[in-house]
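Colleague: I am attaching a structure below and will ask some questions about it afterwards.
Since every read-out is calculated from the coordinates, none of them should be taken as a lab result. Quantities reported herein were computed from a predicted structural model and do not represent experimental measurements. Please note: Cβ atoms are built from the backbone with ideal geometry, for glycine as well, and neighbour counts cover all protein chains shown.
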Amino acid sequence: MITYKESGVDIDKGNRLVDNIKSFCKSLPSENIISSIGGFSALYSLENFGSDIVLSSATDGVGTKLLVAQMAGVHNSVGIDLVAMNVNDIITNGTNPIFFLDYISYSDLDDQILSDLIKGITKGLQLSNSALIGGETAQMPGLYKKGEYDLAGFCVGIANKNDLIKNDIKENNCVIGVSSSGFHSNGYSLLRKLFFEVAGYKIDSLINGRNLSDILLKPTNIYVNLFKDIKKYTNAAVHITGGGFYENIPRVLNKKFDVIIDRNSLPEREEFVLVQDIGKLSDYEMYRTFNMGVGFLIIAEESNKDVIMNSIKKHSFEAYDLGYIKKGKGEVKIV
């Protein structure tokens, strides 16, 4: 059995770093910050400036999915991933993304590749109703090989203070999942090891009639427009990103509630089944690494379940009635 850690990614080390960052930041200005480090996005109040507006911010990249894009020679979709990883974090606290900055670093790239990267970013911003207001392109000879590049994104959102989602979770709230497009942008160090080293696939191998590059490069879903419709019914929202179910859902539970998920309510997606079979991965490793077909999660009153699920379907996503909330210690239990 291969683990995510054995593929080069140590989630526990990342968690320890976050704890260290929290201690380092105690000496920094914080009077207008109304969120804690470790959330999906940070909140900054403008109350001292005479306004009830709150700004949110997030930063993220695409990770080693970029290596798959470079293997395949397909560069027009990872920009969508870059935007998605940021704006899907921004909306979890009830703010709307308004502008974005990008960072592209490389040593030697063809003009067409750079153009394709920007096209993808622009497409993602169109899907999230956000503006591109700046960025940085850094050419760094010696740091990257010819054809290699990295992407990072920075997003700012906005809302009135009264419109924020306050994670007002209650016992017996329902838990609703929104479908992912596939692996999104997480777990790719493990995916590359399993598909290309363990299973011996090539980037253009066919799997059940689908090209492997198409499976691995399917862009991350953007949930901004959907969330505008269901925000008023939402008690808490979770972006199922790096760390899967076990690392992301507890962020909103405040160590007071547990989430109970019925594994039979989750979609059975062939790409995840294949990965688990190739790597002989435990269920725990799968749910701690991947989104398992659920890219976003809503916690709401049971009375609002139907309207939320109908809205999800109206936006052409699949909706899953996953489980419920009970008092506890902030744990995720998949039963």
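Colleague: Looking for whichever is buried (at least 18 other Cβ atoms within 10 Å of the Cβ) and farther than 26 Å from SER45 by Cα here; the options are SER185, SER205, SER181. Which one fits? Let's see the steps before the verdict.
Modeller: Working: SER205 fails: buried (at least 18 other Cβ atoms within 10 Å of the Cβ); SER181 fails: buried (at least 18 other Cβ atoms within 10 Å of the Cβ).
Going through SER185, SER205, SER181 in turn, the sole match is SER185.
Colleague: In addition: State all residues of segment 293-310 that are out of contact with any Cys (no Cβ under 9 Å at 6 or more places or on another chain) and crowded, with 20+ Cβ neighbours inside 10 Å; if no residue qualifies, say none.
Modeller: Once the filter is applied, which keeps residues that are out of contact with any Cys (no Cβ under 9 Å at 6 or more places or on another chain) and crowded, with 20+ Cβ neighbours inside 10 Å, segment 293-310 yields GLY293, VAL294, GLY295, PHE296, LEU297, MET309.
Colleague: Let me ask something additional. Going through segment 186-222 one residue at a time, which ones are assigned to a strand (DSSP E or B) and either in contact with a strand residue (DSSP E or B) (Cβ under 6 Å, 6 or more places away or on another chain) or among the charged types (D, E, K, R) (or both)?
Modeller: Our first condition is that a residue be assigned to a strand (DSSP E or B); within segment 186-222, this holds for 206-207, 210-211.
The answer is ARG210, and nothing else.
Colleague: If you take the residues of segment 315-335 that are in a loop (DSSP other than H, G, I, E, B) and touching a helix residue (DSSP H, G or I) at 6+ places or on another chain (Cβ under 6 Å), which of them is farthest from LEU226 (Cα to Cα)? Step through it out loud before you land on a result.
Modeller: From segment 315-335, those in a loop (DSSP other than H, G, I, E, B) are 315-318, 328-331, 335; that's our starting set.
Adding the requirement that they be touching a helix residue (DSSP H, G or I) at 6+ places or on another chain (Cβ under 6 Å) leaves 315, 330.
Numbers: HIS315: 6, GLY330: 27 Å.
The selected residue is GLY330.
Colleague: Going by what's in this entry, would ALA237 be described as surrounded by fewer than 18 Cβ atoms within 10 Å (Cβ to Cβ) and of a type in the set (A, V, I, L, M)? I'd like the intermediate steps shown before the answer.
Modeller: Values: surrounded by fewer than 18 Cβ atoms within 10 Å (Cβ to Cβ): no; of a type in the set (A, V, I, L, M): yes.
So ALA237 fails the test.
Colleague: Tally up the residues in segment 223-264 that are assigned to a loop (DSSP other than H, G, I, E, B) and at negative phi, please.
Modeller: Applying the first criterion (assigned to a loop (DSSP other than H, G, I, E, B)) to segment 223-264 yields 223, 240-243, 253-256, 262.
Those still in the list that are at negative phi too: 223, 240-242, 253, 256, 262.
So the answer is 7.
Colleague: Still on this structure: As an exercise: evaluate ILE298 against (1) without any contact (Cβ under 8 Å) to a residue 60 or more places away in the chain; (2) within 19 Å of the chain's Cα centre (by Cα); (3) not in a helix (DSSP H, G or I) and give the number of the one condition it does not meet.
Modeller: Failed condition: (1).
Colleague: Just for segment 249-271: of the residues that are touching a residue at least 40 places away in the same chain (Cβ under 8 Å) and under 24 Å from ILE215 (Cα atoms), which one is surrounded by the fewest Cβ atoms within 10 Å (Cβ to Cβ)? Steps first, please.
Modeller: Step one: list which residues in segment 249-271 are touching a residue at least 40 places away in the same chain (Cβ under 8 Å), which gives 249-263, 265-267, 269-271.
Narrowing further to those that are under 24 Å from ILE215 (Cα atoms): 263, 265-267, 269-271.
Numbers: ARG263: 13, SER265: 13, LEU266: 19, PRO267: 13, ARG269: 18, GLU270: 11, GLU271: 19.
Result: GLU270.
Colleague: Then there's this: Checking GLY157 against (1) surrounded by fewer than 23 Cβ atoms within 10 Å (Cβ to Cβ); (2) farther than 23 Å from MET292 by Cβ: exactly one of these is not met. Which one?
Modeller: (1)
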